[in-house]
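Asker: Below: one structure in structure tokens.
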Amino acid sequence: MGYPAKSNYSSVSDTERKIKLVFFVFTFLLGVTGNSLVIAILRKKKRKSVNDILIFNLSTSDLTLMLLSLPANVFLLGGIDFPIFFCKFISPLMTATFNVSIFTLTFMAVYRWRVIINSLQPEMRHRFVVIWIAAIWFVAVLLLLPLVVVAETNKIGSCTENWGPDQSRAYTVILFILQYVLPLLTIAGAYVLIAIEIGKAEKRHISNAQDRAALELRRKEDIQIIKMMGMIVILFAVCMLPIQVAWLISDFGPDEYKKVASVMLRMADIAAYLHACVNPIIYGTITRYFRREYIKYIRSIFFC
């Protein structure tokens with residue numbers, strides 16, 4: 001359930017190795033640059049909203065994944081033996097960053113629903129948001145502790161998982177539900193409730209001009225954030241689906257499908273890394289503030 005084993009890469013051709021190496025370098029540069037830029041922009045922003053803090057956390061988890069991925073892929077593509085430290089800590093931590101991303105997106109959806117149904121109330125205090133983020137990281141890492149326990153290296157220097165009978169299958173199902181199915185169902189439910197609430201708000205008559213202006217401003221902000229979150233969630237669901245399916249086939253599929261699962265795991269990491277790169281692009285495409293700040297940074301770099 002962790003990172004694809006080195007044995008999955010043992011039979012690939014030199015051409016595939018070179019293509020994957022080029023792709024990994026490209027996604028590493030794009031992901032590190034984009035997420036570092038988002039973090040830098042939000043760090044210098046004086047008045048941060050709750051949404052800004054959550055985006056900061058998303059970029060931090062994506063950046064962590066990218067910084068860990070390059071040495072991992074050097075091991076995989078170069079045929080280098082895995083140290084036990086990598087199998088027990090680095091590989092589980094890479095998977096934990098996926099958990100952080102989807103848990104953060106789930107919190108963002110539920111929080112946005114809460115804001116919309118209480119549109120005139122102030123935002124959640126930042127210290128409570130930080131506590132929630134700390135809890136998200138704690139749970140994300142806690143879910144991966146079984147991998148730390150069972151991970152070991154074998155005679156050919158590859159990471160393996162020493163599970164008992166049916167333990168691997170049970171853990172795969174738990175992860176599939178907690179890091180994919182349940183969060184996406186929660187987000188979908190929050191979006192349905194948000195759509196219902198926005199529909200009600202449009203029919204509601206507000207006599208006070210100041211309240212009406214405040215609600216209209218909040219509504220525009222909500223719609224912009226919902227569009228951004230919607231694209232991020234859809235891309236997450238699409239990019240993470242192949243690796244989830246590959247894990248399920250690997251544990252529950254018949255023996256003739258094991259090779260298919262091995263190939264899928266080898267290819268699924270491409271989609272996973274691509275997802276860590278696209279979030280900064282979405283911020284700049286939909287959010288005017290990020291677009292403006294991107295332009296400032298590009299001008300400062302190329303025009304001194």
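The values are calculated or read from the model by the stated rules, or taken from the named source; none is laboratory data. It should be emphasised that the depicted structure is a prediction, and the values quoted were computed from it without experimental measurement. Cβ atoms come from the backbone with ideal geometry, glycine included; neighbour counts cover every protein chain shown. Surface areas here come from the heavy atoms of the whole protein model, side chains and all, with no ligands, DNA or RNA. Shrake-Rupley method; radii C 1.70, N 1.55, O 1.52, S 1.80 Å.
Asker: Answer with yes or no whether M240 is part of a helix (DSSP H, G or I) and either modelled with pLDDT of 80 or more or farther than 26 Å from T27 by Cα (or both). Break it down into steps so the answer makes sense when it comes.
Answerer: Values: part of a helix (DSSP H, G or I): yes; either modelled with pLDDT of 80 or more or farther than 26 Å from T27 by Cα (or both): yes.
The answer is yes for M240.
Asker: Among the residues of the stretch 163-178, is any surrounded by 13 or more Cβ atoms within 10 Å (Cβ to Cβ), touching a helix residue (DSSP H, G or I) at 6+ places or on another chain (Cβ under 7 Å) and modelled with pLDDT under 80?
Answerer: For the stretch 163-178, residues surrounded by 13 or more Cβ atoms within 10 Å (Cβ to Cβ), touching a helix residue (DSSP H, G or I) at 6+ places or on another chain (Cβ under 7 Å) and modelled with pLDDT under 80: absent.
Asker: Hey, could you check the stretch 271-304 for residues that are in contact with a Ser or Thr (Cβ under 8 Å, 6 or more places away or on another chain) and surrounded by fewer than 18 Cβ atoms within 10 Å (Cβ to Cβ) and say which is farthest from I223 (Cα to Cα)?
Answerer: L274
Asker: Here are M94, M108, M124: which of them is out of contact with any strand residue (DSSP E or B) (no Cβ under 7 Å at 6 or more places or on another chain), over 29 Å from E161 (Cα atoms) and crowded, with 19+ Cβ neighbours inside 10 Å?
Answerer: Values: M94 fails: over 29 Å from E161 (Cα atoms); M124 fails: crowded, with 19+ Cβ neighbours inside 10 Å.
Answer to the check: M108.
Asker: Checking L37 against (1) more than 16 Å from the chain's Cα centre (by Cα); (2) closer than 16 Å to V130 by Cβ; (3) not hydroxyl-bearing (S, T, Y): exactly one of these is not met. Which one?
Answerer: All conditions are met except number (2).
Asker: What is the residue count in the stretch 46-105 for residues that are touching a Pro at 6+ places or on another chain (Cβ under 7 Å) and among the charged types (D, E, K, R)?
Answerer: 0
Asker: Six or more apart or on different chains, Cβ atoms under 8 Å: show the pairs whose first residue is in the stretch 134-154 and part of a helix (DSSP H, G or I) and at pLDDT 85 or above and whose second is of a type in the set (D, E) and open to solvent by 60 Å² or more (accessible area, probe 1.4 Å).
Answerer: The qualifying pairs are L147/E161; V150/E161.
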